[in-house]
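Asker: Below is one structure. I have some questions about it.
The values are calculated or read from the model by the stated rules, or taken from the named source; none is laboratory data. All values derive from a computational prediction rather than experimental measurement. Here the Cβ positions follow ideal geometry from the backbone for every residue, glycine too, while neighbour counts run over all protein chains shown. Accessible surface is based on the protein model in full, side chains and every heavy atom, while ligands, DNA and RNA are left aside. Shrake-Rupley method; radii C 1.70, N 1.55, O 1.52, S 1.80 Å.
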Amino acid sequence: MTADARLRLAAGALHPDRRRSLVARFGSPAAVLDAVLSGSVRVPDDARRAMGRDAAELRRFAAARSVDVVDREDPRYPERLRGVPDGPDVLFVRGTLPGAGPSVAVVGTRRSTAYGLDQARALGRSLSAAGVTVVSGLARGVDGAAHAGSLDGSTPGAAVLGCGPDVAYPSEHRPLADRLVRAGGAVLAEYPPGARPLPWRFPPRNRIIAALADAVVVVESPERGGALVTAAAGLDYGRTVMAVPGDVDRPTSRGCNLLVRDGALPVLGSDDLLETLEVSARPPERPEDRADPLEAAILAAAASRIELDDLAEVVGAEPSAVLSAVARLEVLGRLRRADGAVVGR
């Protein structure tokens, strides 16, 4: 069965990019399994052993740990996640996955300040009270505060982990994870039960957080960090991206302030967020549908590489306006500069 092959491949807990590349190379999860088990493709020994287990045995192993296996073809699989190109084929879930109601990802730095914790908890509480599912990563700092706030409201939330859903990481958040499940929410991962919280497993989970939401709100973030990776994934998926601004000299607010500078909607309170959600809860637009005419013209010209000096003439706009638009599109990851030229991604 295809579902069995997908489960056995997921049991290997490979990096999602590696898993997708193997399926693209061999044509199907079953063919990848054959290649791994025959030795044609080398993977870590523990991954190969897991892939060699029978699917029924893997399901029993998960069930013994109160973990459900939700395949892409399962009606419980979230439609938002089904609609993105790099969604996982299998989810491992404790609790109940979120339904079709409005959903917001609230994310931020682990090294949050009291300001960030207060903002995250207040947003989590207000969203949950308004019937909105709060999605985050159960990490220390902003994530944990957002989850805790959501439990003060009436709507179950969802936590996406970079390890097995039965593994508490950080360990002090095990009670928080258990409360989410008891409240009717979910703790989920694309990694199987028992998968350890290795550092490389966390960045890919950010795309799942973004995909499960109608909007991504960054509460507090330095100039670089996982929260900005989640925001970038949200932009790729056509989600609304918002940020809570902070003091201009506060390092943990620099990422948020840069997002606002580059076009993210500022969140000045829960009312702002709920008002925006009335729009963002509709089926998400593609990013290219939301580009203004100048940005659309620049992206079209950059599709086949164009010298930056020629771009203003080609798109028929003032050089200063073109440079500003190029900078914004570069920050959003829509194009890049190379040797004096502009190249679309």
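Yes/no matrix, rows are residues, columns are (1) within 21 Å of the chain's Cα centre (by Cα); (2) assigned to a helix (DSSP H, G or I):
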site	(1), (2)
Arg19	yes, yes
Asp34	no, yes
Val41	no, no
Ala56	no, yes
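Asker: Go through the range 194-225 and report how many residues are farther than 23 Å from Leu97 by Cα and open to solvent by 20 Å² or more (accessible area, probe 1.4 Å).
Answerer: So the answer is 7.
Asker: What are the residue pairs meeting all of these: first residue in the range 180-204, first residue touching a residue at least 24 places away in the same chain (Cβ under 8 Å) and closer than 23 Å to Thr133 by Cβ, second residue among the polar types (S, T, N, Q) and assigned to a strand (DSSP E or B), Cβ atoms under 8 Å, and 6 or more apart or on different chains?
Answerer: As it stands, the answer is Gly185/Thr133, since those pairs meet every condition given.
Asker: Does Ala231 qualify as being touching a helix residue (DSSP H, G or I) at 6+ places or on another chain (Cβ under 8 Å), closer than 17 Å to Arg80 by Cβ, at pLDDT 85 or above and in a helix (DSSP H, G or I)?
Answerer: Here the answer is yes, as Ala231 does meet what is asked.
Asker: Can I ask one more? Out of Gly99, Gly87, report the one residue that is without any contact (Cβ under 8 Å) to a residue 40 or more places away in the chain, part of a loop (DSSP other than H, G, I, E, B) and open to solvent by less than 80 Å² (accessible area, probe 1.4 Å).
Answerer: Unique residue meeting the criteria: Gly99.
Asker: Return the residues of the range 198-221 that are in a helix (DSSP H, G or I) and either among the acidic types (Asp, Glu) or under 21 Å from Leu91 (Cβ atoms) (or both); say none if nothing qualifies. So that I can check it myself, show each step before the final result.
Answerer: Here is the first cut: in the range 198-221, the ones in a helix (DSSP H, G or I) are 199-211.
Answer for the range 198-221, where residues must be in a helix (DSSP H, G or I) and either among the acidic types (Asp, Glu) or under 21 Å from Leu91 (Cβ atoms) (or both): Trp200, Arg201, Phe202, Pro203, Pro204, Arg205, Asn206, Arg207, Ile208, Ile209, Ala210, Ala211.
Asker: In the range 32-51, how many residues are without any contact (Cβ under 8 Å) to a residue 40 or more places away in the chain and either under 24 Å from Leu91 (Cβ atoms) or surrounded by 13 or more Cβ atoms within 10 Å (Cβ to Cβ) (or both)? Step through it out loud before you land on a result.
Answerer: If we filter the range 32-51 for residues that are without any contact (Cβ under 8 Å) to a residue 40 or more places away in the chain, which is where we start, we get 32-49.
Still in the running and either under 24 Å from Leu91 (Cβ atoms) or surrounded by 13 or more Cβ atoms within 10 Å (Cβ to Cβ) (or both): 32-37, 41, 43-44, 46-49.
Within the range 32-51, residues that are without any contact (Cβ under 8 Å) to a residue 40 or more places away in the chain and either under 24 Å from Leu91 (Cβ atoms) or surrounded by 13 or more Cβ atoms within 10 Å (Cβ to Cβ) (or both) number 13.
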